[in-house]
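The values are calculated or read from the model by the stated rules, or taken from the named source; none is laboratory data. Everything numeric here is computed off the predicted structure, so don't read it as measured data. A quick note on method: Cβ atoms are made from the backbone with ideal geometry, for glycine too, and the neighbour counts reach across all protein chains shown. Ligands, DNA and RNA are excluded from the accessible area calculation, which covers all protein heavy atoms including side chains. Shrake-Rupley method; radii C 1.70, N 1.55, O 1.52, S 1.80 Å.
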Amino acid sequence: MNYRHAFHAGNFADLVKHATLLQLLARLTASGGPLTVIDTHAGRGLYDLAGPEAIRSGEAQAGVGRLMAATNPSTDFQPLMAAVATLNSGREIRRYPGSPWLIAGALRPTDSYLACELRPDEHAALRDLLKAKTNVRTVCADGYDEAARRCPPQGRVLLLIDPPFEQADDYRRIVSTVAAVRRRNRQAQALVWLPLKDLETFDGFLRDLEEGVDAPILVAETRMRPLSDPMKMNGCALVLVGDEAGMAGPLQAVSAWTAGALGEDGGARVYAVPSP
Ligand code: SAM
């Protein structure tokens, strides 16, 4: 477990994931009964952009730094931009929120949030950050196992799966976890983040997901450059499983702005699997 999100917090992939997450949460909390969010790979919840990791990588500067300075980003970024501005008290951007901070802030008192993080140091920071929130539980444990075990059998559930892809079996475990959660609760939705390196790996994952999970699948690809070097992260994808909740428009807008404004000769594509 060498992965440290502090190097990548606030990069283009975080912007796509977090802008989409906030749009989805806004729709799911606008009405309806209590929502349970399970975050399988939560991280520490808050990142220091003035710290050595962020400075060394430069990824936040090329991501959230440019978003916050942009004159007309898609309006679908507004909730994320507002969250970043609030976190930094409207001043210079030195801190960036992780999914736990954003989720905990978006939920209603009747909703609940389970955040799983395997690294003890990251989990300790996360637990400390969210300790005042009564509807939030954090666990230092494997998020795939926890999601399958703790998903409530009834009620609305959103599963966020955002692994570091350090392990060869992450793709397989995503499919088996979404399948297990959907077997337990037919209403459950899942939002999965994946890197885009080469299309062979990604298409293979989509085929396995389609075979393993009986639910509608909506895919958004954000390509930051042509996928010619499979050793590089050339972009990212979000895969929404279950009811798409009116998310095709926001996904297209967020992905297209990111690829166009922050990428080089890339592009965006949103499509259903299998195509209708
Ligand atoms: N979701 C976070 C966000 O949007 O702010 C970022 C998560 S980061 C990409 C992945 C995190 O998963 C890391 O903090 C890593 O320590 C943790 N991790 C790795 N394997 C895990 C596992 N099997 N279960 C839970 N957490 C894991």
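For segment 190-202, a residue qualifies if it is at pLDDT 95 or above and either open to solvent by 40 Å² or more (accessible area, probe 1.4 Å) or β-branched (Val, Ile, Thr) (or both), and exactly one does: VAL192.
Within segment 13-30, residues that are of a type in the set (S, T, N, Q) have Cβ atoms under 6 Å from residues that are at pLDDT 95 or above and surrounded by fewer than 23 Cβ atoms within 10 Å (Cβ to Cβ) in these pairs: GLN23/ASP76; THR29/ARG108, counting only partners at least 6 apart in sequence or on another chain. Where residues in segment 140-189 are polar (S, T, N, Q) and under 21 Å from GLU210 (Cβ atoms), which of them is surrounded by the fewest Cβ atoms within 10 Å (Cβ to Cβ)? Ranking the qualifying residues of segment 140-189, first place goes to GLN187. Just to be sure before I move on: is ALA62 farther than 14 Å from HIS8 by Cα, of a type outside the set (Val, Ile, Thr) and touching a residue at least 60 places away in the same chain (Cβ under 8 Å) in the structure I sent? Against the criterion (farther than 14 Å from HIS8 by Cα, of a type outside the set (Val, Ile, Thr) and touching a residue at least 60 places away in the same chain (Cβ under 8 Å)), ALA62 does not qualify. Checking the conditions here, which among LEU240, LEU262 is open to solvent by 20 Å² or more (accessible area, probe 1.4 Å), in contact (Cβ under 8 Å) with a residue 60 or more places away in the chain, on the phi < 0 side of the Ramachandran plot and not aromatic (Phe, Trp, Tyr)? Of the residues listed, the single one that is open to solvent by 20 Å² or more (accessible area, probe 1.4 Å), in contact (Cβ under 8 Å) with a residue 60 or more places away in the chain, on the phi < 0 side of the Ramachandran plot and not aromatic (Phe, Trp, Tyr) is LEU262. Within segment 196-209, residues that are within 16 Å of VAL178 (Cβ to Cβ) sit with their Cβ atoms under 6 Å from residues that are open to solvent by 10 Å² or more (accessible area, probe 1.4 Å), at 6+ positions apart or across chains, in these pairs: PHE205/TYR171; LEU206/VAL273; ASP208/VAL175; LEU209/VAL175. Would you tally the residues in segment 226-252 being touching a Lys or Arg at 6+ places or on another chain (Cβ under 8 Å) and in a strand (DSSP E or B)? Residues meeting the conditions: 4.
For segment 138-164, the set of residues classified as touching a Lys or Arg at 6+ places or on another chain (Cβ under 7 Å), within 12 Å of the ligand (Cβ to nearest atom) and not β-branched (Val, Ile, Thr) consists of TYR144, ASP162, listed by residue number. Checking each residue in segment 142-174 for being farther than 24 Å from PRO195 by Cβ and among the hydrophobic types (A, V, I, L, M, F, W, C) picks out CYS151, VAL157. Among the residues of segment 88-120, those that are free of Cβ contacts under 8 Å to residues at least 40 places away in the same chain and over 20 Å from THR36 (Cβ atoms) comprise ASN88, SER89, GLY90, ARG91, GLU92, PRO120.
Scan segment 125-139 for residues that are over 23 Å from ALA19 (Cβ atoms) and open to solvent by less than 40 Å² (accessible area, probe 1.4 Å) and the total you get is 4.
Screening ALA220 with (1) under 28 Å from ARG149 (Cβ atoms); (2) surrounded by 15 or more Cβ atoms within 10 Å (Cβ to Cβ) gives one miss only, at (1).
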